[in-house]
Every structure is written in C-alpha cells, then in structure tokens.
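First the structure, in the form of structure tokens, and then the observations on it.
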Amino acid sequence: RQPANHCLMQPWLRAVLALAVEVCSSQCIDPWEICDLHKDCEDGSDEANCPQNHSHCPEGMIQCDEGKCILESLMCNKAEDCLDGTDELSTCGKNCSLNNGSCMEKCTDTNWGVRCSCGVGWELQADGQNCTDVDECSLVYSPCSQLCKNTLGSFTCDCVRGYQLHSGTVCEVSSAGISIHLCALSCNLPHRYMYWVNRGEKGRTMIEAAGMDGSDRQVLAVVPMEEPLGLTLDSITGRLYWISEYKEVQRVL
C-alpha cells in the first residue's frame, strides 16, 4: 500500500483522475476494504462510523462492536463474550414499552432485552443507550468537496470564492466567477497543490497556484513572454519551469 501523501482524499478529484483509493491517516487502501470488519488502516479509521446494521455475521449470531460474531444465546448471560463487553450492556432485560428501553432514540425489542440505535448523523455511545453527534467534517473522507461545517445531526458544505455549491456537497466553478483560460497544468500531489498558466484574464498571462480543493489561490508571476506553455514542477527543488511557444526561451520560478 502507498503512503497517505500519495492518496487523493477529495471525491471530486479522485473521480477526475480515476484513482480507486481511500485514505487512512498514514496509508492508502482500496474502497472495498472499508467497513469489511477488518482493520486495514493502522488507526482503524476504515471501520469507524460504519452503518449500525452493517454485519457479516450469519443468522443466529450477533456482531460485537469490534467485529467478532457470537451466538445470540450468549447475549446478556452475565459473561463478557465480546472482547469489548458489548454483549453485556445496561439494556439487557429491558423492553421498549417501558421508558423506551432507556434508549435515547430508536428502541428495538430482542430476545435478550432491547437494542438501541440512532438516526442519521448520530452514533451510539459505549453505554449502548445514548446517541452523540457524528462530526462528518472530521471523517477521513469528507462529505464536502471543499469547505465543511458540522451541525447537530448533520453538516453543511460551502465553497471558496469562484465556486458554486451543487447537490449540497460538490463545488463547481462558477460561470460568474473568476475566468481561467488554462493552457498548462502541473500538480504537487504530496502537498496537494496545483500550478497552472492562466492566459487572457485582464489581458495578462499569469502563473497561478491553489490547493487542490480550490483554496489559497494566488498569482505567482505575471509572465513577460508570448503564449507560455509546457509548465512543469521539479519535485526535488520545488521550482516551476515553463517555455514559450514562439521563442526558444525557458523560464524558472
């Protein structure tokens, strides 16, 4: 597996470049390794915030929070058969008709007691009863292509200047925003930065840069030469090189 600095986290950028990877804090994994009950990320983030009903256990068995499958008959038998003790919760022996089974939100009756669950945007706490807000913006793969703000039980997305929000999560270049006449592009994937030649805005030709999420856009240089093209980045020195279409001239920044 690759180190994380070679992964592209943003879904819109990953789709454009057709890279079928997700990202842990320190490594890349394939999408199908998420929520497969096996910790492929060193920090276990690929098994965090999975759907509560996501289970690979056969019929007649219950899934512990850490992924182990145990027989239903072992639930609430006053012995911790799950390594994390999730088979011996405080909801054992209760029923939903009395005080909602002590569940903060949804309550489901079972043979051994009740099972509490939470709505979208919330996750069940370790006590098996209460729900806490999920900070979607802090997840490994953000639901927003650019800016994300967490709210109770949900989140809102926003875009940087020059972009408009579409479908609630995806930022696209605004037709009324800043005009970019792109004629050359180079990327620094480890630092998640891109560089391009913008020809024609206000009659000038400029070398510009921005983060891959569209943030921190800046003009690096106004190019004093005709029709520049062939922009490239030296990943070792960090220098940018470009060349003119009409003159045998090479420039460096």
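What do you reckon, is A176 modelled with pLDDT of 80 or more and either surrounded by 14 or more Cβ atoms within 10 Å (Cβ to Cβ) or farther than 25 Å from D135 by Cα (or both)?
It is false that A176 is modelled with pLDDT of 80 or more and either surrounded by 14 or more Cβ atoms within 10 Å (Cβ to Cβ) or farther than 25 Å from D135 by Cα (or both).
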Take G60 and tell me if it is surrounded by 15 or more Cβ atoms within 10 Å (Cβ to Cβ) and either in contact with a helix residue (DSSP H, G or I) (Cβ under 9 Å, 6 or more places away or on another chain) or in the same structural domain as D213 (by TED's automatic domain parsing) (or both). no
Quick one: is C69 touching a Pro at 6+ places or on another chain (Cβ under 9 Å), over 30 Å from D213 (Cα atoms) and not assigned by TED's automatic domain parsing to the domain that holds T169? yes
Can K149 be described as surrounded by fewer than 16 Cβ atoms within 10 Å (Cβ to Cβ), under 30 Å from S174 (Cβ atoms), among the basic types (K, R) and in contact with an Asp or Glu (Cβ under 8 Å, 6 or more places away or on another chain)? yes
Odd one out for V134, checked against (1) of a type in the set (A, V, I, L, M); (2) within 26 Å of C171 (Cβ to Cβ); (3) touching a helix residue (DSSP H, G or I) at 6+ places or on another chain (Cβ under 7 Å): (3)
Do you know which residues across region 120-138 are surrounded by 15 or more Cβ atoms within 10 Å (Cβ to Cβ) and among the hydrophobic types (A, V, I, L, M, F, W, C)? W122, L124, C131, V134, C137
Against the definition (crowded, with 16+ Cβ neighbours inside 10 Å and farther than 27 Å from T86 by Cα), how does V114 come out, yes or no? no
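The values are calculated or read from the model by the stated rules, or taken from the named source; none is laboratory data. Keep in mind that what you see is a predicted model, and the values were worked out from it rather than measured. Using ideal geometry, Cβ is built from the backbone for each residue, glycine included, and neighbour counts are taken over all protein chains shown.
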